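**Q** First the structure, which I've put down as structure tokens, then a few questions once you've had a look.
Computed from the coordinates by the stated procedures, all read-outs in this text should not be read as laboratory data. Keep in mind that this is a model prediction, so the values were computed, not measured. Methodologically, a virtual Cβ is constructed for each residue, glycine included, from the backbone with ideal geometry; neighbour enumeration extends over all protein chains shown.
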Amino acid sequence: MSELGRRARELLKELKSYGNRDLSPYNEELVRLIFSEVDEHNAQTEAIVSELRRQQEGVEEGQEVDEAIATTMCLHYECIKRNKRMLLIYMNERMQRLREMRWTLRALPEAQKARCCQSEIQFYNDYSRVLSVYMSRAEGLGMDLTLDTRPPKDTFVNVRGLKDAGEVIISYGRATILNGTIISLPSEEAEPLIRDGTVEVVEWDDGFGRNKQ
Amino acid sequence: MIVPGVHLKKVYQAIKTDSNGSEDQSVLCLSACVDADSVCASQLLLNLFNREGLHFSLIPVACYEEVREHCAPLSNAQEVKTVLLLNCGATEDVRSLCNLPSNVRIVIVDHHRPVWHGHNNDDDMDTLVLVDDDDPVPKSAVPVYDQQLDNEVAQSDDSASESDNSDIDDLVDSDGEKERGDKGGERGRKRKRGHNEDGSPHTRGPAARAETAAARRRRAEEVDLYYSDRNGYGKPSSLLLHTLCHELQHDDNFHIWCAIVALTEQLLFQQISKQQYNTWRDVIAHHVAMHQDSDQLDLVQEGSLLSMPRHKVQVEACEDLRLTLLRYWTIEDSLRYTCYVAARLQTWRQKGLDNLRSLLTYMCIPLKHASTAYKGLREVYNGQLRSQLPRFAPQHMLAWDSLHFNSFRLQYKHEELGASDMVFAILGLLTEGEPGDPDSQRTAFNNAQSALHVQRNLHIVERGVELAKQMCQDVVHECGLMITAGKVKGGRSADYRWVNVADSNAQTNLRFRHPTVLKYMALFLRDATSCRYSSNDARRPMVVAGAPDERGLCCLVSVHAKHISGNRLQNNPFARPFIETASALNIVPLKSAFENATYHIRKEDVTAFLGKLQDVVADYRAAAQQAHAA
């Protein structure tokens, strides 16, 4: 019984082991094996159904289906559903990460591209094209939305230093970034520091009367 | 220059003008990171800067060495720059300490007293210390800086070997010859800004020389008296900054709450008198009433079981019980670990616990319900507690006046947070930081700042409350053991009492290295030991030497004995004795705290320090008796 759904679980565990942002190499072999497992469950189910039909033709009406047979059918059905669900989770998670890379990195790194299957590369290209059209001046907003990791609410943002990065030159002067210091930076100048993990945005409200929730 | 409160807005406008007109528009803010007032004041300031579009960098600091380190890049600054010091800098000549040029303006908002009298120089527009008119030590109480006279006094001390005026020696110590060197040993924190250009004395007649000597003597006495009697805390910096926000029409519930928390902290740590607290509290209550949202007041109906959640934060005045973290504890635990109750009833002992349970029984609160979480209790027991405690507390040696106070509470959604709860939550978060590790202290400071934003960070507040509860429990248990085991030295008639945590089992508790926790301990030990002697005049000042940290540094704190009523400063008598003891033993404090009555020395020096301190204090007592007899 423990073998049921094991491959699908391994597939997801493999993806999880690469963290929240990176892609694991597309495990085509495991996906193929899961499909064959689904086919096997489906074949078993069809065999039971055809046997039942054959039996029903030769017996009196009103005779109930054996409980064991009903349970077996349910089990096969649930296994098919579970494998399908986990495969969809796998696909969906990889698509999410590809989308995230388009927004944060603005291009698909070669290392990540090598881990994608052809369909995923096609998906990424299509998504990138759609996004570019949406942001284009001719047909869209005319604004590069990927410049900011989060929608900017103000021209300036309060950030907290996550590591000692020394003195940085910014548009209004100089600032020393140390672990734990709070600095007011222009949004566009804070963005590269946020992306490389030097600072993080401070989540403070502007007073109690101005509810940001 | 000491700037009175009426000119607060002008100082702020000057900061704005300097910032906008400079190539480097950022204001460097250095904030002390050991108390709730610093957390609240920094939040007030940053909020104001954000609204006004001023750029800033905020760095939490724990000692003057860190202030100097962070100001070091400015020593060669060419452009106009502003450095704003929150709860640090008033007691020292920061400009000389940090070697800052005159194009760097220093603005100091500090509640530590005494303000270095060198700041009281109306010609110095580059260093501004903000002191409000209703401060316990207003500008008029600070001797006016007279460079020539002070230099003459200092030089006469250096040259006179048979001086019959011991006060002049004290003046040299108090006037800045505190040579607390750091590792390099080069740091001079001399408050003298230079010497007379003409080194040779003028040729004058005997009468003129006698008059000059008399003037020096008067000056020395004036300054000596000032530094002897003015060691304590002034107006919370958050109250000053809230006044500024109000003048700039930026005040709202958040700023008021910050001011409330800072003021409540001063009351809880007995840094101000209750009368002073009530005076400032009434001013805040007026602001609270102005900002009260009438829509929110209708949400709760009297006698109704259903209360609607408040979607906006509401701050309102209330009369609160001075029971530590009552809303987050059980009634029994809150009573047991409230310092006042614990000291009086000695709740670390079984007899004390029995007395406590007797009090609960008298109040008709079943013990089963008294040990149930307060938030889950039926409202009837809350009412029972508030109505019966005034009646039965005196029978159990508890004064009702010390068990309640006029305070404020914050309500958001279904949560209710008292001002004292917020103080303890912030202190719990601050004391999580490792005293010797700047990174850890900055992280703790940031967490405490985040906790003030209750709309999205209630979970941080709750974490702070849990930490504070552990702190309160540790203090009562460990200090109780110290008392029982006789680790608290100094008897009934001693000048003061003291304890060295390193000599007790509490030395392994990491909390007992933080200055704030040690101060809390000192207050508890002071009251608990005085209750044991059970006489009217049994209360004595307390000195506590904390456990050593990883670097081998111990923190020594001291608290005053008696509560001084009225609007006067709660003077701590140990500032000068600490300095003299360190000088006599050639002990160099390795970290200069912002408060005069807190010292950081090597653990190897603690025993000698505590021993010599007794002699110094005895000398002071003898001198005082002599002066009184004369």
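**Q** If the cut-off is 16 Å between C-alpha atoms, which lysines fall inside it for B:K312, apart from same-chain ones fewer than 8 positions away?
**A** Answer for B:K312, where 16 Å is the Cα cut-off: A:K212, B:K413, listed by chain and number.
**Q** Could you line up B:F269, B:F424 from fewest to most neighbouring Cβ atoms inside 10 Å?
**A** With the fewest neighbours first, B:F269, B:F424 line up as B:F269, B:F424.
**Q** To continue, here is another question. So if I restrict to the alpha-carbon atoms in the stretch B:456-576, what is the Rg, and what is Dmax, the biggest pairwise distance, in Å?
**A** Spelled out, the Cα radius of gyration and Dmax of the stretch B:456-576 are 15.5, 52 Å.
**Q** Which pairs break 25 Å Cα to Cα here: B:K489/B:K603; B:K368/B:K469; B:K235/B:K487; B:K10/B:K139; B:K375/B:K519?
**A** B:K235/B:K487; B:K375/B:K519
**Q** Scan chain A and note any complete DSSP helix (H) whose C-alpha atoms cover at least 18 Å along its axis and whose Kyte-Doolittle average is -0.5 or more.
**A** Helices passing the filter in chain A: A:118-135.
**Q** Over the stretch B:30-149, calculate the relative contact order: mean separation of alpha carbon pairs under 8 Å at least 6 apart, over the residue count, as a percent.
**A** 21
**Q** Something else about it: Dipole size in debye (nearest 20) for chain A around its Cα centre, Lys and Arg Cβ +1, Asp and Glu Cβ -1?
**A** Once rounded to the nearest 20, the dipole reads 920 debye.
**Q** Given B:G5, B:A62, B:V27, which one lies farthest toward the positive end of the charge dipole of the stretch B:1-62, if we put +1 on the Cβ of every Lys and Arg and -1 on the Cβ of every Asp and Glu?
**A** The Cα lying farthest towards the positive end belongs to B:G5.
**Q** Same structure, new question: When all C-alpha to C-alpha distances in the stretch A:148-213 are sorted into bins of 5 Å, what percent of pairs does each bin hold, rounded to whole numbers?
**A** 4, 17, 30, 24, 16, 7, 4, 0
**Q** Further question: Suppose R0 equals 51 Å. What FRET efficiency, 1/(1 + (r/R0)^6) with r the Cβ-Cβ distance, do B:N20 and B:A214 give to the nearest 0.05?
**A** 0.50
**Q** Next up: Within the stretch B:560-576, whose backbone N sits under 18 Å from a point 7 Å along Cα→Cβ of B:A399?
**A** Flagged as within label range: B:560-571.
**Q** Let me ask you something else. Using the reciprocal of the averaged 1/r over all distinct C-alpha pairs, how large is the Kirkwood radius of the stretch B:1-134 in Å?
**A** About 14.8 Å for the stretch B:1-134.
**Q** Given springs between every Cα pair under 10 Å in a Gaussian network model of chain A, which of A:Y172, A:Y77, A:Y26 has the largest fluctuation?
**A** A:Y172
**Q** Follow-up question, since we're still on this one. Using a Förster distance of 60 angstrom, determine the FRET efficiency expected from the C-beta separation of B:D439 and B:Q625, and round it to 0.05.
**A** 0.75
**Q** Placing unit charges on C-beta atoms (Lys and Arg positive, Asp and Glu negative, everything else neutral), compute the dipole magnitude of the stretch B:1-96 about its Cα centre in debye, rounded to 20.
**A** Magnitude of the dipole: close to 400 debye.
**Q** At a 10 Å Cβ-Cβ cut-off, how would you order B:W280, B:W257, B:W400, fewest neighbours first?
**A** With the fewest neighbours first, B:W280, B:W257, B:W400 line up as B:W400, B:W280, B:W257.
**Q** For B:K612, go through the aspartates and glutamates and keep the ones whose alpha-carbon is under 15 Å away, minus same-chain ones fewer than eight residues off.
**A** B:D495, B:E580, B:E604
**Q** Roughly how tilted is helix B:603-629, in degrees to the nearest 10 and between 0 and 90, from the longest Cα axis of chain B?
**A** Compared with the principal axis, the helix lies near 80 degrees.
**Q** Over chain B, what is the mean sequence separation of C-alpha contacts under 8 Å (at least six apart), divided by residue count, expressed as relative contact order in percent?
**A** Relative contact order of chain B: 14 percent.
**Q** Let me ask something else about it. What is the P(r) of the protein assembly as shown, as percent of Cα-Cα pairs per 10 Å bin from 0?
**A** Calculated P(r), rounded to whole percents: 2, 11, 18, 20, 17, 12, 9, 6, 3, 2, 1, 0, 0, 0, 0.
**Q** Right, another one. Once you put a point 7 Å from the Cα of B:V380 and another 7 Å from the Cα of A:S136, both along the Cβ direction, what distance in nm separates them?
**A** Going from the B:V380 label point to the A:S136 one covers 7.5 nm.
**Q** Pairwise over distinct Cα atoms, reciprocal of the mean inverse distance: report the Kirkwood radius of the stretch B:473-512 in Å, one decimal place.
**A** Averaging 1/r across every pair of different Cα atoms and inverting gives 10.6 Å.
**Q** Sticking with this structure for a sec: How long are the semi-axes of the equivalent ellipsoid of chain A, taking √(5λ) for every eigenvalue λ of the Cα gyration tensor, in whole Å from largest down?
**A** 54, 20, 18
**Q** Right, next: Evaluate the distance, in nm, between pseudo-label points positioned 7 Å from the Cα of B:K351 and of A:E10 along their respective Cα→Cβ axes.
**A** In this crude spin-label approximation the distance works out to 7.2 nm.
**Q** On to the next question. Can you spot the aspartates and glutamates whose alpha carbon is less than 12 Å from A:K163's alpha carbon? Ignore those fewer than 8 places along the same chain.
**A** A:D196, A:E200, B:D439
**Q** Shifting gears a bit: Using just the Cα positions, wrap the stretch B:377-445 in a convex hull and report its mean projected area in square nanometres, one decimal place.
**A** Mean shadow area of the hull around the Cα atoms is 7.4 nm².
**Q** Whole-Å semi-axes of chain B's equivalent ellipsoid, largest first, each the root of 5 times a Cα gyration tensor eigenvalue?
**A** 42, 31, 21
**Q** Angle between the Cα long axis of helix B:575-584 and the longest principal axis of chain B, 0 to 90 degrees, nearest 10?
**A** 50
**Q** Something else now. How far apart, in nanometres, would the label points at B:V588 and B:Q147 be if each is projected 7 angstrom from Cα along the Cα-to-Cβ direction?
**A** For the pair B:V588/B:Q147, the computed spacing is 2.9 nm.
**Q** Cα atoms only: what Rg and Dmax, in Å, come out for the stretch A:73-123?
**A** Here Rg and the maximum Cα pair distance are 14.9, 48 Å.
**Q** What is the fewest-to-most order of B:I108, A:I169, B:I260, B:I601 by other Cβ atoms lying within 10 Å of their Cβ?
**A** By the 10 Å Cβ count, ascending, the order reads A:I169, B:I601, B:I108, B:I260.
**Q** Also, quick follow-up: Tell me, Kirkwood radius of the stretch B:351-509 from alpha-carbon pair distances, in Å?
**A** Taking the inverse mean of 1/r over all distinct Cα pairs, the stretch B:351-509 comes out at 18.8 Å.
**Q** If you don't mind, there's one more thing I want to ask. Could you work out the relative contact order of the stretch A:5-137, using alpha carbon pairs under 8 angstrom and six or more residues apart, expressed as a whole percent?
**A** 37 percent.
**Q** For the stretch A:34-152, compute the orientation-averaged projected area of the C-alpha convex hull (one quarter of its surface), in nm².
**A** Across all orientations, the stretch A:34-152 yields a mean hull projection of 12.5 nm².
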